1. Neighbouring Cβ atoms within 10 Å as the yardstick, rank D:Ile181, B:Ile18 fewest first.
2. Using the Karplus equation 6.51 cos²θ - 1.76 cosθ + 1.60 (θ = phi - 60°), what ³J(HN,Hα) coupling, rounded to whole Hz, does each residue of region C:180-194 give in order, writing x for Gly and Pro?
3. Which distances, in nm and shortest first, link the C:Glu89 label point to the same label point in every other copy, taking 7 Å along Cα→Cβ?
4. Kindly state, to the nearest 0.05, the FRET efficiency for C:Lys119 paired with D:Gln13, given R0 = 25 Å and r defined as their beta-carbon distance.
5. Starting from the Cα of C:Glu22, step 7 Å toward the Cβ, then list every residue of region C:54-98 with an amide N under 11 Å from that point.
6. Per DSSP H run of at least 4 residues, take -39500 (n - 2.57); add these up for chain D, divide by its residues and hand me the 222 nm value, nearest 500 deg cm²/dmol.
7. Among B:Glu11, A:Glu45, which comes first, second and so on when ranked by fewest other beta-carbon atoms within 10 Å?
8. Taking the Cβ of each residue in B:Asp116, D:Asp57, D:Asp19 as the centre, tally the other Cβ atoms inside 10 Å and list the residues starting with the fewest.
Protein chains: 4
Amino acid sequence: MIIVMKASATEEQMQKIIDRSESLGLKAHVSKGEERTIIGLIGAEDKVRMQPLERMDGVEKVMPILPPYKLVSRELRKQNTVIKIKDVEIGAKKIVIMAGPCSVENKESLLQIANDVKKNGATVLRGGAFKPRTSPYSFQGLGEEGLKYLKEAADETGLLIVTELMDPRDLDLFYKYDVDIIQIGARNMQNFNLLKEIGKIKKPVLLKRGMMSTIKELLMSAEYILSEGNFNVMLCERGIRTFESHTRFTFDVNAIPVIKKLSHLPVIADPSHATGQWGLVSPISRAAVAAGADGLIIEVHPKPEEALSDGVQSLLPKNFQELIVDLRNVCKAVGREM
Amino acid sequence: MIIVMKASATEEQMQKIIDRSESLGLKAHVSKGEERTIIGLIGAEDKVRMQPLERMDGVEKVMPILPPYKLVSRELRKQNTVIKIKDVEIGAKKIVIMAGPCSVENKESLLQIANDVKKNGATVLRGGAFKPRTSPYSFQGLGEEGLKYLKEAADETGLLIVTELMDPRDLDLFYKYDVDIIQIGARNMQNFNLLKEIGKIKKPVLLKRGMMSTIKELLMSAEYILSEGNFNVMLCERGIRTFESHTRFTFDVNAIPVIKKLSHLPVIADPSHATGQWGLVSPISRAAVAAGADGLIIEVHPKPEEALSDGVQSLLPKNFQELIVDLRNVCKAVGREM
Amino acid sequence: MIIVMKASATEEQMQKIIDRSESLGLKAHVSKGEERTIIGLIGAEDKVRMQPLERMDGVEKVMPILPPYKLVSRELRKQNTVIKIKDVEIGAKKIVIMAGPCSVENKESLLQIANDVKKNGATVLRGGAFKPRTSPYSFQGLGEEGLKYLKEAADETGLLIVTELMDPRDLDLFYKYDVDIIQIGARNMQNFNLLKEIGKIKKPVLLKRGMMSTIKELLMSAEYILSEGNFNVMLCERGIRTFESHTRFTFDVNAIPVIKKLSHLPVIADPSHATGQWGLVSPISRAAVAAGADGLIIEVHPKPEEALSDGVQSLLPKNFQELIVDLRNVCKAVGREM
Amino acid sequence: MIIVMKASATEEQMQKIIDRSESLGLKAHVSKGEERTIIGLIGAEDKVRMQPLERMDGVEKVMPILPPYKLVSRELRKQNTVIKIKDVEIGAKKIVIMAGPCSVENKESLLQIANDVKKNGATVLRGGAFKPRTSPYSFQGLGEEGLKYLKEAADETGLLIVTELMDPRDLDLFYKYDVDIIQIGARNMQNFNLLKEIGKIKKPVLLKRGMMSTIKELLMSAEYILSEGNFNVMLCERGIRTFESHTRFTFDVNAIPVIKKLSHLPVIADPSHATGQWGLVSPISRAAVAAGADGLIIEVHPKPEEALSDGVQSLLPKNFQELIVDLRNVCKAVGREM
């Protein structure tokens, strides 16, 4: 921790900082420059990170040195985390494809999509049973019934299931219907109670980046889960909110190599939400894999013009099939498999 | 709803749109221009709002005409909503001051602050018992104990209490300790399950705008609460996230007159979070009132350099006292009282 | 300057940094912590600011201590800069009102507006002769003819003139027609050649913040002008670009007290561009003054529905008159005059 | 153009809109809905686009139907524009690599880099002679001397030259030293006078997107150039400014397929500026090509730790060489050549 004193700071103010730091078990190291004096604090930065030292008289600013996350950090664990679920590995050489409808709408349509995406190489079926919708008047998901259909589709096809948990009180249902991967949605990335609860279980988690969250905050939210004991976390870049309004969100492709550098956790990309337009899903999927993503989660719907949610960004099964062909080539080009 | 067809759209594609619209009970009105044909849909826009018509062949874009919110809209209710709690009115001529520490830390300090802010004109005591913190290693609030201290402070001073609810399972505690105003924090603005639950009760709600949420989304989240039957909602502008990094957030002062125009609900400003620096709280409080805010929520702490959260942005009691003097003048200047 | 070394940095890498720093005339101060070693560089930070030390092996990050601007800094000059032009003082106790049409459209209309705004307390007439327009097909301004009309209006009313300079080659015309204040528009805030040229003259400058520029960058652009010798610079907050699309820009009211704290230069607010809606100009003008602005620049047009640019955000003369009445009260409330 | 009337609009107000539209040569088409009346204007939208109809009484909002650009639009020209300069084609099947130092620093180093990048497949040499720098105290470029060195490097290697023009008064020098491609930097994307001047010549232009400019604004700036007669324009995505601060900018990879869809002009990506970190240049280069970019512009420096600008984001020649190997594979995977 570095404390920069104001040009006008007095000796007495400086001494108070030093005393306070030493009372917290840190050693203070003073460097007097021509224009500013700085105090370096040596010792466990954690102890002072949360202290509002900036509020002490004479302080201009406080600059932390260490990142605030630990367990998710690549410094702690050099090799990539690989999450194994049945015979699927996430974070290994093989790119994982998760695909399916935005919402589970009915059994027949879900089974059809599940078979379709499985045939084309997906190993995980996505589909929302509980849907966070901006409007109270929009379709809110089938709830438990949706989970039941997902389970049936999984049993029939052998696909894994990923679906969103919005409320800790629904966790029992997620066990009842053998959900393989619990998705925490962008709007719940900082629902800390929810994070703590899924930290206490062992089920793999797909944690989506909030549309307004920095990479550091995403890592801190993952830290919540790991710090409770659940290390099976994959992070998902799904587009951030910017001033650009032509696309629904701006896919932060930079975040992929940045997260891979800072953390050992696998990174999944969601080109459907990150663009909001089906015509952009293919190029952005290719870009995500080229940038180092470990997997993709893609919306597919046989009749997007009738979908109860996100039809505009859903691929037709035939678009999905074409995308997969392209992706195989890109995977090979960057030393991955599919 | 306006549907703009692509320049290349065929008659057949257009007919499909018309048929689909009519099957939804709407009347389609076609205008052929030189460069584009547009189809105006007349009838209940709600019915088609959620339909992914954009995904139909030949469609370039779909433009809704009506705002998606209803109950919160000033169109529905011309006069300002005034929320009455005991002898405090929120949304009336008198500006409401809510003040107190970021977190409830202990009983003595809370009582001291409560007496201090009451003396200076506050009518509501703020203080977090359950704290949403970015880091799992930060102070997470006293929980139930914090609510107890708040109740004691309220009993002693006659102040109302506002405090944050993060989890619907804590609602019983909020009743047990007579919380007057339930705060929904910025990070939970789109925790739709939480919104629905507080919609079912009658307690007044302070709904904070998410840091990356549009004004429209804030109104939609309020709509969730009103649509369940709870009309006692006040909206809070607390700063949005932008590229400017000198302040913690950017206080969107434009939002105040905009919300007052679009909605009948009261608007509260939070200059502490919106700036993140105690030295900016006074000018931004004055600006908020000058722009039309109905109240302010301000962090006050007797020893900010020892606060367990948000010390950097907390006012000392003497700063608060000075601010209140300034604010009385600004209130008068804009035809309000305090 | 603080250099944070990677956890994995070697002694040799550290030594190279030290040698490099010393060759630049700085003293290096090494602090070895448990998790990181940091090197503090003492001496003229300027010398190393531009050096890409971050690129040297073993370096994790480089953190500058001092702000990069000097001449504009309040550290250099404690008291407020007051710019005197004829009998108008900008930056003193009295709030300055600049008002007029977006573009100069014709002589009659300009004279009418000039008389109107003068009557209501404006001391500076605004009006664009050279207009930066997003579209090549929009009205681009009257050019020299516009300057001529401005001069005539100034001669008739005694108002000062502020108008935008887009091209250094037009500077002679600005002298010919006695422009009092040269406006540098938001889109030219980082047109560094233009900044250098107006730095070489003595005419007062109104430097608008770029819609994509941080406060620090605004101060750096002002530094360009001051560093060439022209200290008569006022800074203008005119709204920044954010994700919020309900208003044309987001007025960064925080920036007003921040700039007043960091710099001695006067601050002007532009509520017309910052909102893009005439109905918001009054509340935002009041907010700006309440937050500490030294002046306002406001668009006024007698027939906004026929204006050749920015009609949507222009006040009618009668709206302007009402605003001025309100502003006088707010000025008094915050210890200013008008 | 669609005009949505307020719920409270009167017949008289509506009639005024209709009269005004007809006086502009348009036909008005009125649709009365349950909650709103809308007026569709048929005819040349251009005529009314610039009219502030929103300011007329009774109008709620005005929604344009057509994009405001024409010449750059793919609607005007279906096939891709291919710009031919000597034996290099930009916008064709082969990906174009532009590489070189941020600034031209001296002759020897430039020649060395030029030879290096040529050997690895670059066909265009980049290097700034006139540098836009945020600080007046930073290295501002060698000016004419820099152009001279570029010309010598071009003569020796056969590479084309791309370099930035900041001031129209330097255009003669760009002719004197045979600059092949004129770069318009991000900060000058809306320097409309500069755009008009390069529109009048025939030299190819690399127009960089402003860091806070929308895709639509980028296309409008290109429209300025094309509307003056110069059709040899390539567009460059170089990162936009967002709230994410871990990277210097956020590379808007979505923009690549979006621009390719909206316009016939070639798209170049600049991963060096878009990330600000040399370690991210390779993954983002691969992503850009995978998403459909027609070329890349990359900073390369033999001693980045001594570079006079942008050392942190410059690749070493050996990094560049490795990147090129990777890129050849990605090109092949997406059906391009290199």
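1. B:Ile18, D:Ile181
2. Whole-Hz 3J(HN,Hα) from phi for region C:180-194: 7, 10, 8, 8, 9, x, 3, 6, 10, 4, 10, 8, 5, 5, 5.
3. In ascending order, 4.4, 7.0, 7.7 nm.
4. Working from the Cβ atoms, E equals 0.25.
5. What the label zone holds, given the 11 Å backbone N cut-off, is no residue at all.
6. Helices in chain D give a 222 nm mean residue ellipticity of -10500 deg cm²/dmol.
7. Listing B:Glu11, A:Glu45 from fewest to most nearby Cβ atoms yields B:Glu11, A:Glu45.
8. Least crowded to most crowded, the residues run D:Asp19, D:Asp57, B:Asp116.
Values quoted throughout were computed directly from the atomic coordinates according to the rules given, and no laboratory measurement underlies them. Nothing here was measured: the structure is a model prediction, and the numbers come from that model. Methodologically, a virtual Cβ is constructed for each residue, glycine included, from the backbone with ideal geometry; neighbour enumeration extends over all protein chains shown.
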